[in-house]
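Student: One structure is given below, represented as structure tokens, and several questions about it will come after.
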Amino acid sequence: MDTISERWQAIKARMDAAAREAGRRPESVTLLAVSKAHPAAAIRQAWAAGQKQFGENYLQEALSKQTELEDLPIEWHFIGPIQSNKTPLIANHFAWVHGVDRLKIAERLNAARSENLPPLQVCIQVNVSGEDSKSGVNADEALSLAGDIGMLPRLRLRGLMAIPAPTPDKAEQQAQFHQVRTIYNRLVQQGIALDTLSIGMSEDFPAAIAEGATIVRVGSAIFGPRSPNNPA
């Protein structure tokens, strides 16, 4: 069986190849290792291979891992919907948040973020698939929310995040990512300073890179299947 290090190296090689094919520099795309439902020991192995940014979806699980791995200067990213009562801990235990889709949540993160920390890096989640089960705003809502977040001093709006409907069709993958890129370009044209597209996961990141992804979020392709005791 391949090790975490070997799988990580294989993903990096595929990312580099996808970037070059798209006429981009490989270093323009960051790999975010999504470590939810995997133990701290697995994160430590990925760190030893060269991975520095890790994404978590479940707050208590993440906090436990952060304590266990406090000897490593990991850049922690929180991914996914945020409940209001969890904003204080998220605001002060993560460097990035991928998935803000409500002004109320942005305001609570801003109010909770310690002045001793740099501003919290934030991506707005957009829903390009129209799925009721997915969080996210549409294009018009994204423009309004971006303007509001830009007024919050303890947050720094970096860009957009999306989780399109899964499909094995490569053309459909790229079409959905192109929709995200179109919204991104619209915001930039309106004077919103952005530099981040957090799109693409284990099964579709080459298409995301072709459409301008600057962060791809990869979990199972690095860490393997999630534990049956924690399959979420």
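The values are calculated or read from the model by the stated rules, or taken from the named source; none is laboratory data. Here the structure is a predicted model, which means the values were calculated and not measured. Ideal geometry is used to build each Cβ from the backbone, glycine not excepted, and the neighbour counts take in all protein chains shown.
Student: Just the residues that are touching a Ser or Thr at 6+ places or on another chain (Cβ under 9 Å), part of a helix (DSSP H, G or I) and under 19 Å from Trp8 (Cα atoms), please, taken from region 40-88.
Tutor: Hits for region 40-88 are Ala40, Ala42, Ile43, Gln45, Ala46, Ala48, Ala49.
Student: Still on this model: Given (1) at pLDDT 95 or above; (2) aliphatic (A, V, I, L, M); (3) under 27 Å from Thr3 (Cβ atoms); (4) in a loop (DSSP other than H, G, I, E, B), where does Met151 come up short, assuming only one miss?
Tutor: (3)
Student: For region 173-232, give me each residue that is of a type in the set (S, T, N, Q) and more than 17 Å from the chain's Cα centre (by Cα). Can you show your working first?
Tutor: Restricting attention to region 173-232, the residues satisfying the condition of being of a type in the set (S, T, N, Q) are 173-174, 176, 179, 182, 185, 189-190, 196, 198, 202, 214, 220, 227, 229-230.
Within region 173-232, Gln173, Gln174, Gln179, Thr182, Asn185, Gln189, Gln190, Ser227, Asn229, Asn230 qualify.
Student: On to the next question. Which residue out of Ala91, Ala33 is buried (at least 20 other Cβ atoms within 10 Å of the Cβ), in contact (Cβ under 8 Å) with a residue 12 or more places away in the chain, aliphatic (A, V, I, L, M) and assigned to a strand (DSSP E or B)? Walk me through it before giving the result.
Tutor: Values: Ala91 fails: assigned to a strand (DSSP E or B).
Criteria check complete, one pass: Ala33.
Okay, residues lined up against (1) touching a Gly at 6+ places or on another chain (Cβ under 9 Å); (2) at pLDDT 95 or above; (3) surrounded by fewer than 15 Cβ atoms within 10 Å (Cβ to Cβ); (4) not charged (D, E, K, R):
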{"site": "Leu187", "(1), (2), (3), (4)": "yes, yes, no, yes"}
{"site": "Ser198", "(1), (2), (3), (4)": "yes, yes, no, yes"}
{"site": "Glu203", "(1), (2), (3), (4)": "no, no, yes, no"}
{"site": "Ala210", "(1), (2), (3), (4)": "no, yes, no, yes"}
{"site": "Ala213", "(1), (2), (3), (4)": "yes, yes, no, yes"}
{"site": "Val216", "(1), (2), (3), (4)": "yes, yes, no, yes"}
{"site": "Gly224", "(1), (2), (3), (4)": "no, no, no, yes"}
{"site": "Ser227", "(1), (2), (3), (4)": "no, no, yes, yes"}
{"site": "Asn230", "(1), (2), (3), (4)": "no, no, yes, yes"}
